[in-house]
1. Just to be sure, is residue B:108 in a helix (DSSP H, G or I) and within 18 Å of residue B:223 (Cα to Cα)?
2. Report yes if some residue within segment B:303-319 is part of a helix (DSSP H, G or I), over 21 Å from the mean Cα position of the chain (by Cα), more than 30 Å from residue B:40 (Cβ to Cβ) and within 14 Å of another protein chain (Cβ to nearest Cβ); otherwise report no.
3. Return the residues of segment B:143-161 that are crowded, with 16+ Cβ neighbours inside 10 Å and either more than 12 Å from chain A (Cβ to nearest Cβ) or under 12 Å from residue B:78 (Cβ atoms) (or both); say none if nothing qualifies.
4. Within the bounds of segment A:297-312, is there any residue that is closer than 17 Å to residue A:43 by Cα, outside any helix (DSSP H, G or I) and more than 14 Å from the chain's Cα centre (by Cα)?
5. Looking at segment B:146-156 only, could you name the residues that are over 21 Å from residue B:234 (Cα atoms) and part of a helix (DSSP H, G or I)?
6. Taking the condition of being at the interface with another protein chain (Cβ under 8 Å from one of its Cβ atoms) and either touching a residue at least 60 places away in the same chain (Cβ under 8 Å) or in contact with a helix residue (DSSP H, G or I) (Cβ under 8 Å, 6 or more places away or on another chain) (or both), how many residues in segment A:310-320 meet it?
7. Under 23 Å from residue A:139 (Cβ atoms), at pLDDT 85 or above and either in contact with a helix residue (DSSP H, G or I) (Cβ under 6 Å, 6 or more places away or on another chain) or part of a helix (DSSP H, G or I) (or both): is that true of residue B:115 in this structure?
């Protein structure tokens, strides 16, 4: 035993927590904050930052389960379409079926969960690769939203409904509380529970996880269902914020969500990732959008930057990983 | 395993049944069957004008689906192609309007298509980043870039000679349909009989075995993406020249329609299997369905849902069939 050299942790001059991906990212975030703040004095105000938190909630809620999914080596491209479908059904069930609004919200959450469950059940039972399954449902769920709504929007919700999306609770945007609770719960689940550790095991070696007696299929089914459920929640928050439902809601969300997760250090190859990383990634994406907007860059040009960030951060992460593994 | 079955089936009468049950034959039957069924409900559907409009207006999807099929057979995916077609159409149209020789305007679309796709191929094959990440990123770069450069302005006043889609052969065969058929046949022959074409199947079917046979996996992937870019360029020209204006925005969800055509055409999403004849027939079928919805009084807003169901059913059927074959 004594001949095996121990990993040379002691030799490191920099403490371990400083060279973690999340820490480096947080440092970059801090520098970006200060830089943008000095460029534009409207940027580094509490009002602006809280407002950015409000805007990031819809993507953030979905990014949490997406972190779980990408850690297992999977992906869910249908989240944006689920947001659209749930938003449409929220408005439709309220207006056309005459559901009371709270019931309509529950209905839309249920539909989100069901949409995610369908993804999960086909992925685990039929063994369709997650990428293909969720491309198919990306088309299917958006198609259902378009077909059901016939491109008509629903407006005129009761005043109280706008509380979630537009009001403050204890000085903080109401929906930001939802996101904070979701972040804390997801972080604890991922870090401190058997369920969370199973996700890493699946991502590192699914066959080994299966042979170790882990309930791989059940865990996967749960995370895809969760992804749909959170997309439904995100739809409710979105509708409440923008006061209308349209079938094109949530288009392109998958880009923001996946970019935030990957930027946050979760490996697209599975097995690696943390909720804290995703939170920092989310903040980076939102501040990037906000910073660019304040310097006069239009929304369409922002998605160019986010697309480039997605590719570059994956490139950097994978080359770092390869270096670590000495390949 | 497939090779064995084919070789052994030489004189087998069941072989004829097998040909009939192939994906291509099923699709051809579906295309004709649907036409008859809808025609019985509403004879106006079968008007020559309607059928030729369906073919003309969607030939570019079939051309793009040929490249997409190669990409999927090689075990990859590309969701940036819809955005790329929008960008290439705009590039070509802008050049034509600004007085560049028409041939240059046409070639520019092809060259730019090859360049963008080859770049993606290099990132995927040599830097080993999953195709979905690269093409998702490229999708937003192209989409955002196009709108912010053009401001969404339409290109009008295109010179008459620019309209490739107007050319007709023998006074009856329109160029888009001609190109669709030509590209499909050439690509099908190339993929079936040439060494480089077979390499695509080898790489998609079993990358390790392909490597041991001396096939360079990265080089094959880059080649496939470059070709895919060429077809995307050709598709963009058909798309740009069929109307008198170019909208300078990305056609929404075009990539989904193209992927649907490839997958429904029998290209296995697990890689290694599929033909471009199937994908072209599937492109025609999807266009026919979209048109049929109107004639049977169903709102065209349902077309995307129909596409989703089509992909889902084909993919599940493909995987179940493979599992049964592996079990037998």
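The values are calculated or read from the model by the stated rules, or taken from the named source; none is laboratory data. Given the structure is predicted, the values throughout are model-derived calculations rather than measurements. Neighbour counts are summed over all protein chains in view; Cβ atoms, including those assigned to glycine, are modelled from backbone coordinates with ideal geometry.
1. no
2. Yes, that holds for at least one residue.
3. Result: B:155, B:158.
4. yes
5. Passing the criteria: B:147, B:148, B:149, B:150.
6. Going through segment A:310-320 one residue at a time, the tally reaches 4.
7. It is false that residue B:115 is under 23 Å from residue A:139 (Cβ atoms), at pLDDT 85 or above and either in contact with a helix residue (DSSP H, G or I) (Cβ under 6 Å, 6 or more places away or on another chain) or part of a helix (DSSP H, G or I) (or both).
For every residue, the table says whether it meets (1) surrounded by 24 or more Cβ atoms within 10 Å (Cβ to Cβ); (2) out of contact with any helix residue (DSSP H, G or I) (no Cβ under 7 Å at 6 or more places or on another chain); (3) without any contact (Cβ under 8 Å) to a residue 12 or more places away in the chain; (4) part of a helix (DSSP H, G or I).
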site	(1), (2), (3), (4)
A:104	no, no, no, yes
A:119	yes, no, no, yes
A:141	yes, no, no, yes
A:152	no, yes, yes, no
